[in-house]
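Written below as structure tokens is the structure these notes are about.
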Amino acid sequence: MMAEQNAAGRPAVKATSETVLAIRHWTPTLLSFRCTRPSEFRFTPGHYTRLGLGHGDNGDADFGDWVWRPYSLTSARDDDFLEFISVLVPGGAFSEKLRHVKVGDTLGVDKAAYGFLTVDQLAPGKDLWLLASGTGLGPFVSILRDPAVWQNWQRLILVHSVRQAAELAWREEIAALPAAFAGAQATIGYIPIVTREPGATTLAQRIPVLFADGRLEQAAGTSLSLADSRLMVCGNPDLAKEMRQFLSERGYATTRRGVPGQMAFEKYW
Ligand SMILES: Cc1cc2nc3c(=O)[nH]c(=O)nc-3n(C[C@H](O)[C@H](O)[C@H](O)COP(=O)(O)OP(=O)(O)OC[C@H]3O[C@@H](n4cnc5c(N)ncnc54)[C@H](O)[C@@H]3O)c2cc1C
Ligand SMILES: NC(=O)c1ccc[n+]([C@@H]2O[C@H](COP(=O)([O-])OP(=O)(O)OC[C@H]3O[C@@H](n4cnc5c(N)ncnc54)[C@H](OP(=O)(O)O)[C@@H]3O)[C@@H](O)[C@H]2O)c1
């Protein structure tokens, strides 16, 4: 992304200056935010783009010394704004800037969207499992806001694992999805998992443990099957690693050389 040089000899970033429209704090270390959307910006739900933060206004779009990080889009494909969710990591270069951002501030947004965590990368199936830890929920919110997914699948199963109940972002909106897409083919099962607040949710263990002992399938009311189940995993890299091993042992594969697979992963660090 930083390969080109601008007239001043500094790296040129293919990005636009956008304006922060709204910020929502879910906890002191978890926020979602919206910014203006350039009319040319296109993405598929599940994609990420790169966000940049620098010093104040950036009128000449020379983003040379800004801090850039990849962020999944949470907004719907056709929303007239872009939306993201972010953790604030203590001492993190981007987090330390983001924690001070206010409505009206400037946000750099890469002109392109990237990634392979999109539903169209998967082989056709019936049950779409969306497995998220922490902010890994983000791309699945965008996917679930897409009417196409409600028409093309029979069952959507969203599993969101967080440490504390307050981190179950968009909980009410997710609960309201069946009403929002009433009449569509798909049903949805929402399975929140809170791992560090005993009693907050029925299930309180990590996702791979709950697959290994069958409780997640029981809670979803459906069993994994290579023929019908497709799985997307996003967030903590150890979750991705453990689920990849679990699923590979059962014959699931990622998409390779144009052959659509049954599972897809995005690791955030
Ligand atoms: C493809 C992709 C998409 C991403 N999308 C998102 C997103 O939608 N929302 C988001 O919050 N982050 C996302 N990230 C991570 C994000 O790019 C930054 O790493 C994160 O915001 C912290 O930036 P930082 O500069 O403050 O700290 P960094 O120096 O980048 O990270 C420091 C440490 O913080 C921890 N960490 C980083 N990101 C997270 C996270 N999301 N949750 C928990 N711990 C984390 C890790 O231990 C990491 O080593 C994504 C990463 C990738 C590769
Ligand atoms: N969440 C907070 O309260 C909080 C507060 C301040 C700072 N932070 C910082 O934010 C970062 C991470 O926070 P986070 O809570 O969003 O992400 P996280 O540590 O990835 O935890 C999110 C969820 O993923 C689970 N998980 C972790 N490893 C897993 C694995 N190998 N397999 C399956 N599930 C797994 C966690 O369960 P477990 O609970 O069992 O680990 C939790 O339910 C860290 O840098 C942390 O220091 C977090």
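The values are calculated or read from the model by the stated rules, or taken from the named source; none is laboratory data. It should be emphasised that the depicted structure is a prediction, and the values quoted were computed from it without experimental measurement. Cβ coordinates were reconstructed from backbone atoms using ideal geometry, including for glycine residues, and neighbour counts include every protein chain displayed. Just the protein is used for accessible areas: all its heavy atoms, side chains included, with ligands, DNA and RNA removed. Shrake-Rupley method; radii C 1.70, N 1.55, O 1.52, S 1.80 Å.
Miscellaneous remarks
- Selection count, the range 191-216, where residues are touching a residue at least 40 places away in the same chain (Cβ under 8 Å) and either surrounded by fewer than 17 Cβ atoms within 10 Å (Cβ to Cβ) or within 8 Å of ligand 2 (Cβ to nearest atom) (or both): 2
- Where TRP170 falls short, out of the listed (1) touching a residue at least 24 places away in the same chain (Cβ under 8 Å); (2) on the phi < 0 side of the Ramachandran plot: (2)
- For ALA179: the one exception among (1) open to solvent by 20 Å² or more (accessible area, probe 1.4 Å); (2) within 18 Å of the chain's Cα centre (by Cα): (2)
- For the range 17-103, the strands (runs of 3 or more DSSP E) that sit wholly inside it and include 2 or more residues that are more than 14 Å from the chain's Cα centre (by Cα) are 30-36, 48-53, 67-72.
- Those residues of the range 40-85 which are under 14 Å from LYS111 (Cβ atoms) and at pLDDT below 95, in sequence order: ALA61, PHE63
- You will find that of LEU82, LEU88, LEU107, the residue that is of a type in the set (A, V, I, L, M, F, W, C) and within 16 Å of ligand 2 (Cβ to nearest atom) is LEU88 and no other.
- Residue among THR201, THR254, THR222 that alone is over 17 Å from HIS160 (Cβ atoms), away from ligand 1 (no atom under 16 Å from the Cβ) and of a type in the set (S, T, N, Q): THR222
- Among the residues listed as ALA219, ALA253, ALA186, the single one being free of Cβ contacts under 8 Å to residues at least 12 places away in the same chain, surrounded by 14 or more Cβ atoms within 10 Å (Cβ to Cβ) and either within 16 Å of ligand 2 (Cβ to nearest atom) or not β-branched (Val, Ile, Thr) (or both): ALA253
- Unmet criterion (only one of (1) more than 24 Å from THR255 (Cβ to Cβ); (2) of a type in the set (A, V, I, L, M, F, W, C); (3) more than 16 Å from ligand 1 (Cβ to nearest atom)) for LEU168: (3)
- Residue check, GLN262 surrounded by 14 or more Cβ atoms within 10 Å (Cβ to Cβ) and away from ligand 2 (no atom under 16 Å from the Cβ): yes
- So GLU242, is it of a type in the set (Asp, Glu), more than 18 Å from the chain's Cα centre (by Cα) and within 16 Å of ligand 2 (Cβ to nearest atom): yes
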